[in-house]
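Report on one structure; see the data block that follows.
The values are calculated or read from the model by the stated rules, or taken from the named source; none is laboratory data. Keep in mind that this is a model prediction, so the values were computed, not measured. Note that each Cβ is placed from the backbone with ideal geometry, even for glycine, and that neighbours are counted across all protein chains shown. Keep in mind that these areas ignore ligands, DNA and RNA; they rest on the heavy atoms of the full protein, side chains included. Shrake-Rupley method; radii C 1.70, N 1.55, O 1.52, S 1.80 Å.
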Amino acid sequence: MAEMLLGLSANRRIIAGLLVNLLSSICIVFINKWIYVHYGFPNMTLTLVHFIITYLGLYTCQKMDIFAPKSLPIRKIVWLALSFCGFVAFTNLSLQSNSIGTYQLAKAMTTPVIILIQTTYYKKTFSTKIKLTLVPITLGVILNSYYDVRFNLQGTVFATLGVLVTSLYQVWVGAKQHELQVNSMQLLYYQAPLSSGFLLCVVPLFEPVTGEGGIFGPWSTAALVTVLFSGVVAFLVNLSIYWIIGNTSAVTYNMFGHFKFCITLVGGYVLFHDPLSLNQALGILCTLAGILSYTHIKLMEQEEETSDV
C-alpha cells in the first residue's frame, strides 16, 4: 500500500512538472509576441530582464537546496555565455519579425544544423536513416517560408542566425557539461549572470536606455507587469526542463516537445490571426513528419545500443 501511494505521488509530480513545462513553454512564446506587438518593448532589454530573473530564481533555488552550485572557472564558460546571449536574442528577434508559425518551424532546423556541426567538427557519425529524416524537416521549413505572406528578409536573417547560434550553444552545453562534470542548472547558474553582464554592456549601443522605447522610458504599468511576468515564465521554462529530464528522461522531454510544437503553431494562428495557406499547412505537416521520424529512429538506435551493451 505504501509503495502504491509513493508511486501515485511520483506520477502526480511528473504530471505536474510536464504541465508546468507545457504551459510555460507555450506561454513564453505568446507573451513575448504580445509584448512586441502591443508594447514595442526592446528585444535585447527583454532578454536582459529574462537573464536577471533567471539568475535570481536559480539563486533562490540553491538557497532552498534544490541544487548545489559548483565552482567553475569563468574563462571556461565565456564563449558559452556569449552564445547564450546570441541564441536567446536572435530567437526573440525571429519571433518579433516573423509569424509564430515561421518562427516555430525555423527552430526545427536546429536538429539538421547540430548534426552538421557534430559531423564536421566533432567527427561524429549518424546513420543513413537519421540523415534521411532531415530531408522532410528541411523541405517543410522551406515550403512554409516560401508561401508565408509575411515572409521578409530581416525575419529570415534573424531566424537563420538564431538557428546557427542555438545549434552551437546546444553542442557546447553538452560538451561543457561533460568537461566540467556539472548539470544544466549548475551551468546556467554561472551562465545567467555572465550573460547578463555582456548584455548590459551591449544594450546601450543598440537600444535606447531612457525616453521613448527605452527600458527607463514611460512604460505603462501593464507593460512592465507583462515584461516581469514573461521573465518569471522564462525561468519556469528552464527550471521545468531540468526537472523533467532529471525525473524522467531526455527522450520523454523531446517527445513532449512535439506536442508543444503543435499547440504553439495552432495558438499562433488563433491568437494572432496569422494567415495559413494550404501549401504552408503541407510544409508544417512535412516538418512534423520529419521530426517524429527522427525521434522514432533515434529511440530505436538507442535501444539497440543498450541491448548490445
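Within the stretch 194-212, being outside any helix (DSSP H, G or I), in contact (Cβ under 8 Å) with a residue 12 or more places away in the chain and out of contact with any Pro (no Cβ under 6 Å at 6 or more places or on another chain) holds for one residue alone: P208. A search for C-beta distances below 6 Å between a residue of the stretch 31-54 that is more than 14 Å from P208 (Cβ to Cβ) and open to solvent by 30 Å² or more (accessible area, probe 1.4 Å) and any residue that is polar (S, T, N, Q) and in a helix (DSSP H, G or I), counting only pairs 6+ apart in sequence or on different chains, returns I52/S196. Entry remark, the stretch 255-300: residues being surrounded by fewer than 15 Cβ atoms within 10 Å (Cβ to Cβ), in contact with a Phe, Trp or Tyr (Cβ under 7 Å, 6 or more places away or on another chain), modelled with pLDDT of 70 or more and not hydroxyl-bearing (S, T, Y) number 1 in total. The test for being open to solvent by less than 50 Å² (accessible area, probe 1.4 Å), under 22 Å from T264 (Cβ atoms) and touching a Leu at 6+ places or on another chain (Cβ under 9 Å) does not hold for N98. Given the structure, is V135 under 16 Å from T110 (Cα atoms), open to solvent by less than 30 Å² (accessible area, probe 1.4 Å) and either in contact (Cβ under 8 Å) with a residue 12 or more places away in the chain or not in a loop (DSSP other than H, G, I, E, B) (or both)? Criteria not met by V135. When restricted to residues that are open to solvent by 60 Å² or more (accessible area, probe 1.4 Å), among the hydrophobic types (A, V, I, L, M, F, W, C) and out of contact with any Leu (no Cβ under 7 Å at 6 or more places or on another chain), the stretch 196-230 contains 8.
Going by the structure shown, is F158 of a type in the set (A, V, I, L, M, F, W, C), assigned to a helix (DSSP H, G or I) and open to solvent by less than 20 Å² (accessible area, probe 1.4 Å)? In short, no.
Just for the stretch 83-115: of the residues that are small (G, A, S) and part of a helix (DSSP H, G or I), which one is modelled with the lowest pLDDT?
My answer is G101.
State whether the residues of the stretch 139-154 include one that is open to solvent by less than 90 Å² (accessible area, probe 1.4 Å), closer than 21 Å to L82 by Cβ and either in contact with a Lys or Arg (Cβ under 8 Å, 6 or more places away or on another chain) or free of Cβ contacts under 8 Å to residues at least 60 places away in the same chain (or both). No, the stretch 139-154 contains no residue that is open to solvent by less than 90 Å² (accessible area, probe 1.4 Å), closer than 21 Å to L82 by Cβ and either in contact with a Lys or Arg (Cβ under 8 Å, 6 or more places away or on another chain) or free of Cβ contacts under 8 Å to residues at least 60 places away in the same chain (or both).
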